[in-house]
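Student: Attaching a single structure in structure tokens format; questions to follow.
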Amino acid sequence: MLNTIIATQISVGDAAIYSLLSIVLVFAILLILIGVTALLFKWINMIDARKGKVLVAKDGKEDAVIENKPVEIKDDDMMVAVLVASIDYREEIKKDVKLVSVKEIK
């Protein structure tokens, strides 16, 4: 008597409804997880920005963390070079850019 299996009949319509509800539930849980992790990363970046650290992006990927130090522009030629480079880079990636560091090459 313990080995008997009780089978219940489920119609095709009920099975389809159960399947669709399960699929919707899985995607809802995935969206919640994605949202929580996105907020977590924004919160971490906000804390790093308050500490003076900036994430540098290369090709759309976050590459390295660089300390945010004041940039020293020594003359007008250096200012023009910085402006041209930042404008070119902004047109290339189609996003706002922020100058992180300048190095003079002699």
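FYI, it's all coordinate maths here, none of it is from the lab. Being a predicted model, the structure only gives us computed values, none of them experimental. Please note: Cβ atoms are built from the backbone with ideal geometry, for glycine as well, and neighbour counts cover all protein chains shown.
Student: Can you work out D for segment 1-51 in µm² s⁻¹ from Stokes-Einstein, where Rh is the Kirkwood radius over C-alpha pairs, the temperature is 25 °C and the viscosity is 0.890 mPa s?
Tutor: Values: Rh = 15.0 Å.
Result for D is 164 µm²/s.
Student: Pairs 42/95; 51/106; 42/94; 51/98; 42/98: which are spaced more than 24 Å apart, C-alpha to C-alpha? Can you show the working numbers first?
Tutor: Details: 42/95 18 Å; 51/106 32 Å; 42/94 21 Å; 51/98 17 Å; 42/98 17 Å.
Correct reply: 51/106.
Student: For a protection proxy built on the mean count of beta-carbon atoms within 10 angstrom, sort 82-90, 98-106 highest first, please. Please list the in-between numbers first.
Tutor: Numbers: 82-90: 12.0, 98-106: 9.0.
Result, highest mean first: 82-90, 98-106.
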